[in-house]
1. Taking a 19 Å limit on the Cα-Cα distance, which of the listed pairs LYS117/LYS302; LYS117/LYS392; LYS117/LYS258 fall beyond it?
2. Check ALA282: other-chain or 5+ apart residues with amide H under 5 Å from its amide H, H built from backbone geometry?
3. In terms of the Cα gyration tensor, with a ≥ b ≥ c the square roots of its eigenvalues, is the stretch 244-401 rounded because a/c is under 1.5, prolate because a/b exceeds b/c, or oblate?
4. How big is the stretch 268-339 along each principal axis, measuring the range of its Cα positions in Å and listing the largest first?
5. Where does each of SER60, SER366 land when they are ranked from fewest to most other beta-carbon atoms within 10 angstrom?
6. Counting Lys +1, Arg +1, Asp -1, Glu -1, what net charge surrounds PRO64 among other residues with beta carbon under 15 Å of its beta carbon?
7. Spelling out what I want: for every residue of the stretch 232-248, take phi, set θ = phi - 60°, compute 6.51 cos²θ - 1.76 cosθ + 1.60 (Karplus), and round to whole Hz; glycine and proline get x.
8. In nm, to one decimal, how far is the LEU186 label point from the ARG346 one, both placed 7 Å along Cα→Cβ?
Amino acid sequence: MHKKLTQSLIPALSVALLVVTLGAAFGILSGRGPLIGMLSAAIICFITSLVGGTRYGVSSPTGPMTAAIAVIFASDQAWLSTHVSQYGADQILGLTLITSAVILMILNLLKVHQLLKWVPNLVIAGFLNGIAILIVISQMNSLELWQDGLIMGITFLISIGFAKIRVKLEHPITQLLLSSFFVIILMTLISHLIGLELTYLDLSFASLFDSVNLNLPHFEWPLVWIILPLAFELSLVALLDTLLTGVIMEKKTKQKTKHMQELSGQSIALFVTGLISGLPGAQSTVPSMMLYKEGGHHKWSKLFVSIFAVLITLIFVPLIQYVPVAVFAGLIFKIAYDVADFTAVRSVFTHKEWISPLILIGTLLSTVLLSVNLAVIGFTMIFVLWNFIMPKRFQITDLEAEVEAEGMIDEL
């Protein structure tokens, strides 16, 4: 156990660096700024590591949550342009997050997570591969120069190679030298030594405490009609984002998630980020998968991630701006490779029936082109209704759970 604890420290540090960096990127994307994104990532990660109900599931700001908050923030600013209020857009955003936290807790008490049992493995397989494609697209969009693409590709290949070697070697020094943390250091040094023109995060901001204001919830009734629909939508995104990432991690790790406990942690984290008008979060696929694949198997690994994330945010933030964005993109490409379920795709296309591939492809395309929520809910309903209406000989054959969960090529 002591060995597993020691070996979990480096994976935890690697994941913490990724969490904080993703927080900064999502902060910029949302319009709230990198500092708020990083602080929100540290808060969400820390609270859910203490309260959450999953061993490997790391929480942070996510793509779907960031997209939702960008829309909400824009709606708040539009409302203020035509109404007089004692609140600014930041305060209204905070009230929305706090309201969303309460709604999420109510949904949790109603045990909405039990609806997951209706989701077929075909839909989950399409969702997994759709998420992998979304991860790739998001990182391609973050690359501004051809040099970024070169460094990203090299980082990805080194990460794949190190992962395959690490499985066969157990010495602590070897595990350190083959970790993502070492890849970050190695590729950063190489990038600076060869003098390539690369893209970096702009973290030239004011001090942490000068940039954050505490917003206590005091409702104005005219705001309720603006806040409630947006808060309800945000709580649904948080619910599905967390539950579906939980499904991914259960498939890959065979570790069960305590869904009510996990959603309770998400509600508390959402409430606290609302107090600073920060970014909301959910259980996130990329850092969760990274923690598992890097070997962070100790029961305290998630807590170490959160502690490192807080320390990086409070103390070591200036160092992150020296790491090229392409290095993190390469690591995230590796996570996309891990998330993708190649076994399920091969299994579906060896079936003689034609409907199963359509369900998988439809879920994948809807995940990429429309929304995760619509993809999973819509194609689950199609699957269930089709099998309910059609005669037995025309029913859709679902993937066997053990086949679908076999994982990827590099899971040895």
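All of the numbers you see were taken from the coordinates with simple rules; none came from a lab. Every value quoted in this text rests on a predicted model; they were computed, and no experiment measured them. We place every Cβ from the backbone using ideal geometry, glycine too, and count neighbours over all the protein chains shown.
1. Correct reply: LYS117/LYS302; LYS117/LYS392.
2. Under 5 Å from the amide H of ALA282 lie the amide H atoms of SER60, THR62, each far enough along the sequence or on another chain.
3. Prolate shape, in that a/c is at least 1.5 and a/b is the bigger ratio.
4. 36, 31, 20
5. On the way: SER60 33, SER366 22.
The most exposed by this proxy come first: SER366, SER60.
6. On the way: positive: none; negative: GLU233, ASP241.
It works out to a net charge of -2.
7. Karplus values, whole Hz, x for Gly and Pro: 5, 4, 5, 5, 5, 4, 4, 4, 5, 4, 5, 5, 6, 5, x, 4, 4.
8. Going by the 7 Å Cα→Cβ label model, 2.8 nm.
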